[in-house]
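Step one of this worksheet: look at the structure below.
The values are calculated or read from the model by the stated rules, or taken from the named source; none is laboratory data. From a predicted model like this one, the values you see are computed outputs, not experimental measurements. Cβ placement follows ideal geometry from the backbone for every residue including glycine, while neighbour counts extend to all protein chains displayed.
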Amino acid sequence: MRATLLLRWTIFGCCGLMMTLTTGCARWIELKALPDSNQEPNVRAIARSEQVPLVMDSISNTRNGSPQNLSLETEQRLLGTLRKIGLFSHLGGMDSSEPSSGEKYIRARLLFDEDVDQHAGDKAWKSIVIGASMFILTPVIPLDYDYAAHMTLELERWDGQVKRYESRSAGTAHYQLFSATTLMIDELKGHVTESCLTTLMQQMVRDTTFYSASSAPLLDRPIRAVSVKSNRATLTPVPMSSLPGK
């Protein structure tokens with residue numbers, strides 16, 4: 001009888017452990033719903049003769065207000081998204097040379113501001129509770145990781161006119177203790193970044209005609225010569241014999 005009871009408790013314990021390990025590894029991502037953020041931008045075809053190249057001028061990245069090192073992945077994702085909408089004849093990164101001054105092209109500048117909240121205090125408290133319960137409460141205590149992004153894209157046309165586009169997106173990764181991995185965080189950042197880029201492209205497509213070659217002429221800055229006249233009065237010589245007393 002005692003052996004049977006011990007076997008029963010052993011089975012219950014194994015089942016509970018399996019359930020804890022299984023549900024304790026769950027995770028899911030929740031994105032903040034934004035208008036048209038999940039829709040692919042419509043492509044408006046531009047004749048090849050009307051397309052101009054685009055060159056990346058700079059990319060600035062900040063995280064929680066602090067400057068970050070430049071991420072080549074951000075540049076590649078932006079250029080890849082621009083390539084999908086087909087507005088430009090050629091896309092150049094920051095390491096590529098600019099076209100000549102007599103050629104029409106678009107200069108692009110991107111500001112990428114990230115906001116990360118790991119809920120450190122809340123996470124520490126929940127970890128203490130989970131540890132005190134011998135991991136029994138792991139399946140029922142979720143942990144959160146918030147990530148938000150704000151992108152500002154400036155496109156300067158060859159005549160000096162500038163178009164400015166902005167987009168925001170945010171999401172939260174909900175996970176259990178055993179599923180806290182860098183892969184989960186990268187997946188959340190990928191979804192938020194893609195949402196921002198999609199919104200930017202939708203705004204750009206509405207201004208398709210602004211980027212066509214015939215939308216504006218090249219600026220003509222000729223060197224103008226300026227003549228300077230002397231303000232000194234002309235002096236007429238007077239003979240010495242005509243002076244009084246001479």
Spot the failing condition for residue 163; the list is (1) at pLDDT 85 or above; (2) among the basic types (Lys, Arg); (3) more than 21 Å from residue 112 (Cα to Cα), and only one is missed. (3)
Residue identified as touching a Phe, Trp or Tyr at 6+ places or on another chain (Cβ under 7 Å), surrounded by 15 or more Cβ atoms within 10 Å (Cβ to Cβ) and more than 22 Å from residue 159 (Cβ to Cβ) among 191, 174: 174
Mind listing just one residue for me: the one in the range 67-120 that is touching a strand residue (DSSP E or B) at 6+ places or on another chain (Cβ under 9 Å) and hydroxyl-bearing (Ser, Thr, Tyr) and, of those, surrounded by the fewest Cβ atoms within 10 Å (Cβ to Cβ)? 97
Determine whether the range 52-66 contains at least one residue that is surrounded by 16 or more Cβ atoms within 10 Å (Cβ to Cβ), within 28 Å of residue 214 (Cβ to Cβ), at pLDDT below 90 and under 23 Å from the mean Cα position of the chain (by Cα). no
Provide a single number: the residues in the range 91-121 that are farther than 27 Å from residue 63 by Cβ and in a loop (DSSP other than H, G, I, E, B). 9
Output for Cβ contacts, cut-off 9 Å, separation at least six or different chains, first residue under 17 Å from residue 90 (Cα atoms) in the range 198-215, second β-branched (Val, Ile, Thr) and loosely packed, with under 15 Cβ neighbours inside 10 Å, reads 205/43
